[in-house]
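Just below is one structure, and these are the notes that go with it.
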Amino acid sequence: MMWTDLLCHPLWAASTVLLALVLRQQRRARWDPRACAVQLKGKTAIVTGANTGIGKFIALDFARRGARVILACRSEARGSEALREIREKSGNGDVHLRLVDLASMESVRAFAKGVLEEEEALHILVNNAAVSGLPRSITKEGFDLTFATNHLGPFLLTNLLLDLLKRSAPARIVTLSSLNHWRGEIDFAHFHGDKLTYFMDKVYNHTKLHNVVCTNELARRLQGTGVTANSVHPGVVVTEVMRHYSFVLRFLFQTIGFFFFKSPDEGAVSSIYCAVAEETDGITGKYFDSDCSLTLPAPLARDAALAVKDFDVCERLTSKL
Ligand SMILES: NC(=O)c1ccc[n+]([C@@H]2O[C@H](COP(=O)([O-])OP(=O)(O)OC[C@H]3O[C@@H](n4cnc5c(N)ncnc54)[C@H](OP(=O)(O)O)[C@@H]3O)[C@@H](O)[C@H]2O)c1
Ligand SMILES: *[C@@H]1O[C@H](CO)[C@@H](O)[C@H](O)[C@H]1NC(C)=O
């Protein structure tokens, strides 16, 4: 008998499927948003990249809790589709679409201007949108495209909305980082696309480190304002994240992911926990793991002096535009 025959044995197949299903159960977070009764009536929330993946489920959760939700998306078509779906599933008509391209500081400013003109309050800001696997590309404002989308755009957006958040306190800022931040490095030349290698998600990893570093420094600056700022890891989640990768890699990710990775609604849990749970009220400058536990981020993300410097550099880079 060949070893391959053994692999095909029905008992083998059955036990593998069983094991996979058990593991699938195991990956659930210990906090269940459906068991959380917190209501958000009278509260306003913004979720970036809310048309698909994790962001869509975060926005849907807020909508179900009765919040006024603004979906900050870059595509009118994809955004409208999600808007319709979220309104329908939540029965909440107070969900709105506003367009923003986070890779463009000009677009971020225009978006923030609209929000400041039309919104009386802002209680929750979720920086969810991000890209990965993009080849080298420099925006017309002179930034590496991945850095602009994942870090500088969200950084500027957050800063522009800060006064509104403070006026609306208590308010919470949640930034989706990633476990990948452990493999990131900080080099200020990266912002402009210098000294970057576009291999194995290196650039993405750097941006996810900046997310945690600047969120921690923001939290320090916000002490006493009633506005909290935290970062979260959503888990490894089967979404459209792999869209810029080859078909083979995407297929592998989807197949392995079905058993071992989280679905987008499961991936949204740690962000929802951070944004709405009573247990996280007042917690700031922390990093949440995908199972909703507080964990320490990488050493570089705990370097307070580096954080001050990084925040200053990002402020200078984005304030000119
Ligand atoms: N999935 C994972 O395994 C995983 C793991 C760790 C961390 N995360 C983090 O989780 C967050 C959500 O990821 P996801 O997996 O849900 O990804 P996704 O399915 O690819 O969704 C990303 C969202 O961001 C939007 N977006 C991309 N570029 C944008 C831009 N320039 N301006 C405005 N919106 C833009 C996309 O809009 P379009 O649809 O129009 O492109 C989409 O709505 C990200 O911060 C990611 O780093 C994900
Ligand atoms: C980016 O992070 C992922 C996950 O930690 C890792 O597998 C990958 O090798 C990292 N990329 C580089 C180039 O360090």
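The values are calculated or read from the model by the stated rules, or taken from the named source; none is laboratory data. These figures come from a predicted structure and were not determined experimentally. Quick reminder, even Gly has a Cβ in these numbers, built from the backbone with ideal geometry, and neighbours come from all protein chains shown.
Starting from residues that are acidic (Asp, Glu), outside any helix (DSSP H, G or I) and more than 9 Å from ligand 1 (Cβ to nearest atom), keep the ones in region 97-142 and report whichever is nearest to residue 250 (Cα to Cα). Per the stated criteria, the residue is 141.
Can you spot a residue in region 255-262 that is within 16 Å of ligand 2 (Cβ to nearest atom), surrounded by fewer than 24 Cβ atoms within 10 Å (Cβ to Cβ) and within 19 Å of residue 60 (Cβ to Cβ)? Scanning region 255-262, I find at least one residue that is within 16 Å of ligand 2 (Cβ to nearest atom), surrounded by fewer than 24 Cβ atoms within 10 Å (Cβ to Cβ) and within 19 Å of residue 60 (Cβ to Cβ), so the answer is yes.
The set of residues in region 133-144 that are within 19 Å of residue 187 (Cβ to Cβ) and either within 16 Å of ligand 2 (Cβ to nearest atom) or β-branched (Val, Ile, Thr) (or both) comprises 134, 136, 138, 139, 144. The set of residues in region 164-179 being closer than 14 Å to residue 213 by Cβ and either without any contact (Cβ under 8 Å) to a residue 12 or more places away in the chain or within 9 Å of ligand 2 (Cβ to nearest atom) (or both) consists of 178 alone. Scoring residue 214 on the criteria (1) part of a helix (DSSP H, G or I); (2) within 16 Å of ligand 2 (Cβ to nearest atom); (3) among the hydrophobic types (A, V, I, L, M, F, W, C) leaves a single failure, condition (2). For region 243-265, the criterion of being in a helix (DSSP H, G or I), in contact with a Gly (Cβ under 7 Å, 6 or more places away or on another chain) and on the phi < 0 side of the Ramachandran plot is satisfied by at least one residue.
Residue count for region 284-321, restricted to those that are assigned to a helix (DSSP H, G or I) and either at positive phi or at pLDDT 95 or above (or both): 19. Only one of 176, 156, 122 is buried (at least 16 other Cβ atoms within 10 Å of the Cβ), of a type outside the set (Val, Ile, Thr) and out of contact with any strand residue (DSSP E or B) (no Cβ under 8 Å at 6 or more places or on another chain). Can you tell me which? Just one listed residue meets the conditions, 156.
Test each condition in (1) more than 9 Å from ligand 1 (Cβ to nearest atom); (2) touching a His at 6+ places or on another chain (Cβ under 7 Å); (3) part of a helix (DSSP H, G or I) for residue 191 and report the one that comes out false. In the conditions (1) more than 9 Å from ligand 1 (Cβ to nearest atom); (2) touching a His at 6+ places or on another chain (Cβ under 7 Å); (3) part of a helix (DSSP H, G or I), residue 191 misses (2) alone.
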